[in-house]
Amino acid sequence: MDISVVIPLYNEDESLPELYAWIERVMNKNGFSFEVIFINDGSTDRSWQVIEALSQTSQQVKGIKFRRNYGKSPALYCGFKAAQGDVVITMDADLQDSPDEIPALYRMIKDEGYDLVSGYKQKRYDPLSKTLPTKLFNATARKISGVKNLHDFNCGLKAYRKDVVKNIEVYGEMHRYIPYLAKNAGFGKIGEKVVQHQARKYGSSKFGFNRFFNGYLDLITLWFLSNFGKKPMHVFGLWGTIVFLIGFVSAFVIGADKLYSLANGIPQRLVTDSPYFYISLTMMMLGTQLFLAGFIGDLISRSSHNRNDYQIEERIRCED
């Protein structure tokens, strides 16, 4: 099969018939064999009934229904697991992503050898309150992830080589950082294509402003896990040691100063009257706690079932 189109959705019953007809028209025109996987993320409208009706008229339509709303990342995870096409296309169900972009995205994967191609909605039909935070968010994501050629991490329209979606795990709200996840999994050829962004035709946006705050927290989490997930002692142990040594040296200086004053008959107040003494003790305790946190994290990491889960691309006369 050439293409799997994975479409997560929540309360988009009005747009689904038009979206599928558009996808089908593009696929037939280009001679692609395809499947369309709709993931109904706990919709409360008639979305599932529409998917069932589409599946009765077309063998290419497949559907997954969640009992409740879990979010876009779980929906993509299940869609990726079910996808069978050589190239996997993801797009939103609100008709803001154009299926006409699919042939060009497919060719970039198959002919130009990209592992992942992300859409870039250069001209957007969104309010300024949404576009400005998006620009700031993408700039931060480029800096931290090292994927410097992408302008729109959160664009729903993306194309993937099948191996990519089968070797990454999308969870929580990490769908924003799939290019980063792919890079960490060893799929380094990541490209971008300017795509058409269309104004929403039905319904309203399902995303609130809090997604930008959650996005930054997820980015920090992903950065830490990708750099120190298998070696937490390298960060907690290092900073714990530094903080402990600063506290220890400070306490030693305070004690030495007290002893010097006593030996030379210089009046000196009690060590416990100095605020620096308590600051030093606090730093030593914090340093010890950080070191222990790294030690415990290392023990947990070493006992994890996927501690030796490495991405192997090919084998020659070596059994798995």
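A few comments on the model shown:
- Hits in segment 14-50 (condition: buried (at least 22 other Cβ atoms within 10 Å of the Cβ), within 24 Å of Arg68 (Cβ to Cβ) and in contact with a strand residue (DSSP E or B) (Cβ under 8 Å, 6 or more places away or on another chain)): Leu16, Leu19, Val36, Ile37, Phe38, Ile39, Asn40, Asp41, Ser47
- Of all residues in segment 258-293, those satisfying the criterion of being modelled with pLDDT under 85 and of a type outside the set (A, V, I, L, M, F, W, C) are Lys258, Tyr260, Ser261, Asn264, Gly265, Pro267, Gln268, Arg269, Thr272, Asp273, Ser274.
- Residue count for segment 213-247, restricted to those that are modelled with pLDDT of 75 or more, surrounded by 15 or more Cβ atoms within 10 Å (Cβ to Cβ) and outside any loop (DSSP other than H, G, I, E, B): 11.
Yes/no per residue for (1) of a type in the set (A, V, I, L, M); (2) under 35 Å from the mean Cα position of the chain (by Cα):
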site	(1), (2)
Gly240	no, yes
Leu262	yes, no
Arg269	no, no
Thr282	no, no
Leu299	yes, yes
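- Residue satisfying all of: in segment 131-175; in a helix (DSSP H, G or I) and in contact with an Asp or Glu (Cβ under 7 Å, 6 or more places away or on another chain); most open to solvent (accessible area, probe 1.4 Å) among these: Lys162
- In segment 13-38, the residues that are over 19 Å from Gln56 (Cβ atoms) and among the aromatic types (Phe, Trp, Tyr) reach residues that are modelled with pLDDT of 95 or more and in a strand (DSSP E or B) with C-beta atoms within less than 8 angstrom, at least six apart or across chains, in these pairs: Phe32/Ile3.
The values are calculated or read from the model by the stated rules, or taken from the named source; none is laboratory data. This is a predicted model, so every value here is computed, not measured. Cβ: placed from backbone, ideal geometry, glycine included. Neighbour counts: every protein chain shown. Note: areas computed on protein heavy atoms with side chains; ligands, DNA, RNA excluded. Shrake-Rupley method; radii C 1.70, N 1.55, O 1.52, S 1.80 Å.
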